[in-house]
Amino acid sequence: MIFAACFTNFGPYHLARLRALASRLRERGDCLIAYEMAATDRTYPWQRPKQAEPFDWITFFPDRVLETLTFPDCATAIVRALDRDQPDAVGIVGYARPESMAAARWVRRNRQTAILMSESQAVDRPRTWWKELIKRRRLRLFDAALVGGPPHRDYLIDLGMEADRITLGYNAVDNAFYRNQADFWRDHPEGRQGLPVAPFFLTVCRFAPEKNLGRLVEAFARYRDQAGPDHSWDLVLCGDGPQAVLIDTAIKRSGHAEAIHRPGFLQADVLSRWYAHAGAFVLPSLSEPWGLVVNEAASAGLPLLVSNRAGCAPTLVPEPEATTGAQFDPLDIEEMCQKLTWLTLLTEDERRSMGGRAAEMVSSWGPDRFAQGTLEALDLATRSQRTSRSLPLEKVR
């Protein structure tokens, strides 16, 4: 069997998932073809040197930036590749991008198997009835789905997909990499060089409105005002994006600019040093389909303070509070301040225990879980008898 999967652009976590899936497929005597639309992406400028991989790596536009591609470019490229490679099953990310819908329709026309890979949840953004109706129709093109966790499964069920055709495990990173790198930098004599005095709060995200960094800066300023500079941690904001200037302005106005650090967008190997020496990880997003940086921080053994809007929160930051950390309302600045204060007042042993439980919990949600979930979805799809196969293909624009 040939299984194909398509992503817009391969980052480190895509490659970790694809390697695990290719390994599982090889054990079955099957193979994996992995497509990416473009080699570079302005939003996430990953560096990932090509090397020998256990799957066929095909880049449709190796000399183009993802954001410069038109909808017809993407749709035409995927259809040509599928016509050439004739896969038996295709893993398709979402139902919004042009290559995703073109691939889903190709699968339907050729009577093969379509696996939806989704991380959408109901709380991501306001929902309108007519858009939800379009999604319901598009879901009919898929035989099964692989999603992140329970909130994502519940959303697909609300849209009309049967629960017994949905598996979990889509959102995974290379846990072993972040765990090993954190251990290395904690023991390395130069591991703390150039970093603020530990412990510190660490946030890693794109500087965009939905990441809610302005409220985090305000909550952190309240925390510093209450605790005093001699008894409080610093804050590190890793990343970059369209709101970088606004965030810099908020930092200056906070009154605590000396305690807030902006190292910029960091590649995974450099970022792991910040994970190694942070005291806790904070993600304040207003909208966050999953939050893969939480996986990374958990793998590095950090306690977690995570917005209750993040899709990963029920899985990686479960109740009761202090299991791996705590959830908070991202609109409530005072609650955010209280969580920062609460965590810093814990003993080092208590924080270390929370970080250990976070690492243990996320270990069940790594690349192999992605591979296992994909194969479970494939088996569910091929075993089930889809009555909709006999229906004419609907064109959904």
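Placing +1 on the Cβ of every Lys and Arg and -1 on the Cβ of every Asp and Glu, with nothing else charged, gives the chain a dipole about its Cα centre of roughly 1580 debye. With both labels modelled 7 Å from their Cα along Cα-to-Cβ, the W342 to Q267 distance reads 3.9 nm.
For the options D230, D187, D30, a Gaussian network treatment of the chain with springs between C-alpha atoms closer than 10 Å singles out D230 as fluctuating the most.
What you get for region 175-364, charging only the Cβ of Lys and Arg (+1) and of Asp and Glu (-1), is a dipole of about 300 debye around the Cα centre. Extension gain, R48 to R64: 0.36 nm times the residue separation minus the Cα-Cα distance gives 4.2 nm. Helices in the chain, meaning DSSP H runs of at least 4 residues, each add -39500 (n - 2.57). Divided by all residues, the mean residue ellipticity at 222 nm is -13000 deg cm²/dmol. Applying 1/(1 + (r/R0)^6) with r as the Cβ-Cβ distance of V245 and W57 and R0 = 51 angstrom yields a FRET efficiency of 0.90.
For region 24-158, the Cβ-based charge dipole about the Cα centre amounts to some 500 debye (Lys, Arg positive; Asp, Glu negative; other atoms uncharged). Charge tally for E335 (other residues, Cβ to Cβ under 15 Å; Lys, Arg +1; Asp, Glu -1): -1. Computed over neighbours whose Cβ is under 12 Å from that of R97, the net charge equals -1, Lys and Arg +1, Asp and Glu -1. With springs only between Cα atoms under 10 Å apart, run a GNM on the chain and tell me which of N212, N110, N171 wobbles the most. Judging by the Gaussian network model, the answer is N110. Other residues lying with their Cβ under 12 Å from the Cβ of A278 contribute a combined charge of +2, Lys and Arg counting +1, Asp and Glu -1. Figure legend: label point modelled 7 angstrom from the Cα of I2 along Cα→Cβ; residues of region 51-72 with amide N under 13 Å from it are 56-58.
Each value in this text was obtained by applying a stated rule to the coordinates, not by laboratory testing. If you're wondering where the values come from, they're calculated on a predicted model, not measured in any experiment. Note: ideal-geometry Cβ built from the backbone for every residue, glycine included; neighbour counts use all protein chains shown.
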